[in-house]
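Asker: Got a structure for you, written out below as structure tokens; questions coming shortly.
Since every read-out is calculated from the coordinates, none of them should be taken as a lab result. What you are looking at is a predicted structure, and each value in this text was computed from that prediction instead of being measured. Note: ideal-geometry Cβ built from the backbone for every residue, glycine included; neighbour counts use all protein chains shown.
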Amino acid sequence: MNEKNLKLLWSWTWAIVLGLFLTILIRFYFFVPVMVDGSSMMPTLHDGDRVIINRFGNVDRFDVVIFKDEGREYVKRVIGVPGDKIVYKNDELFINGKKQDEPYLDDYKKQLGNALLTDDFSTADMISGGVVPKGTVFVLGDNRRASKDSRIMGPIPESKILGTTPICYWPLEHAKFIR
């Protein structure tokens, strides 16, 4: 092999090694795939759906997040951020006294007819001081009738949040951007 061919081989080897390193870094650190376990986020996400965790950016109200607690990963929707007072009354959400739309629940509520999806509650009755504490978020599953969330677990420390879940990619019939 002449010197030109050795340089070409070395450059291709280096490019492949760098490509593999970047692929592994992106796959295991930046955008981590996770499988949804359970029905607490239906109809948005179903048992067995696969989503991607985005570890970057801020967590905002109504984002779907994954957090780790009790050695288990949970997928829930952020309803309240620090300082929020949350009230559910007659299946309507009020944050700091202002009624909030939840378009991600519209189809599910239509399926239920006159039945309530979310029982009445208030953070005033659940949290000392009545507001979501600093450094925490208040989360609910979209399937409010079958969800272990902040109504049971209390506010979730932001330090336990692994990231947001902007994309469901599998199975293909459920593939979508999560709103």
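Asker: Average projected area of the Cα convex hull of region 113-155, in nm²? Present the calculation step by step, with values, prior to reporting the outcome.
Answerer: Numbers: hull surface 13.5 nm².
Projected area, direction-averaged: 3.4 nm².
Asker: Quote to one decimal, in nm, the extra length available between residue 124 and residue 153 on full extension: 0.36 nm per residue of separation minus the C-alpha distance between them.
Answerer: Using 0.36 nm per residue and subtracting the Cα-Cα distance, I get 8.9 nm.
Asker: A further question follows. Once amide H atoms are built 1.01 Å from N in the peptide plane, which residues 5 or more positions from residue 137, or in another chain, come under 5 Å H to H?
Answerer: 156, 158
Asker: Could you give the C-alpha radius of gyration of region 1-112 expressed as a fraction of 2.2 N^0.38 Å, taking N as the number of residues it contains?
Answerer: That works out to 1.72 for region 1-112.
Asker: Provide the per-residue ³J(HN,Hα) series for region 165-179, in order, calculated from phi with Karplus coefficients 6.51, -1.76, 1.60 and θ = phi - 60°, each as a whole number of Hz, with x at glycine and proline positions.
Answerer: Each residue's phi maps through the Karplus curve to give 10, x, 9, 9, 10, 8, x, 4, 5, 9, 4, 5, 7, 7, 10 Hz.
Asker: Fewest to most neighbouring Cβ within 10 Å: what's the order for 92, 70? Walk me through the intermediate numbers first.
Answerer: Working: 92 13, 70 7.
With the sparsest Cβ surroundings first, the list reads 70, 92.
Asker: Taking residue 68 as the anchor, which aspartates and glutamates have their alpha carbon closer than 14 Å to its alpha carbon, excluding any fewer than eight residues away along the same chain?
Answerer: Correct list for residue 68: 37, 149, 158.
Asker: Counting other beta carbons within 10 Å of each residue's own, what order do 56, 67 fall into, fewest first? Don't skip to the end; give the middle numbers.
Answerer: Details: 56 8, 67 22.
Fewest-to-most Cβ neighbours within 10 Å comes out as 56, 67.
Asker: From the residues 178, 124, 52, which one has its Cα farthest along the dipole of the chain in the positive direction, the dipole being from +1 and -1 charges on Cβ of Lys/Arg and Asp/Glu about the Cα centre?
Answerer: 52
Asker: Divide by every residue of the chain the summed helix terms, -39500 (n - 2.57) for each DSSP H run of at least 4, and state the resulting mean residue ellipticity at 222 nm, rounded to the nearest 500 deg cm²/dmol. Intermediate values should be presented prior to the final figure.
Answerer: On the way: 4 runs with 38 residues, N = 179.
That comes out to -6000 deg cm²/dmol.
Asker: Compute the helix-to-body angle for 3-25: its Cα long axis versus the longest principal axis of the chain, expressed 0 to 90° and rounded to tens.
Answerer: 10 degrees
Asker: Right, something else. Going by amide H atoms built from the backbone, whose H comes under 5 Å of the H on residue 32, apart from near neighbours?
Answerer: It is 53, 55, by chain and number.
Asker: Mind checking which lysines have their C-alpha under 22 Å from residue 109, skipping anything on the same chain fewer than 8 residues away?
Answerer: Within reach: 76, 89, 98, 99, 148, 176.
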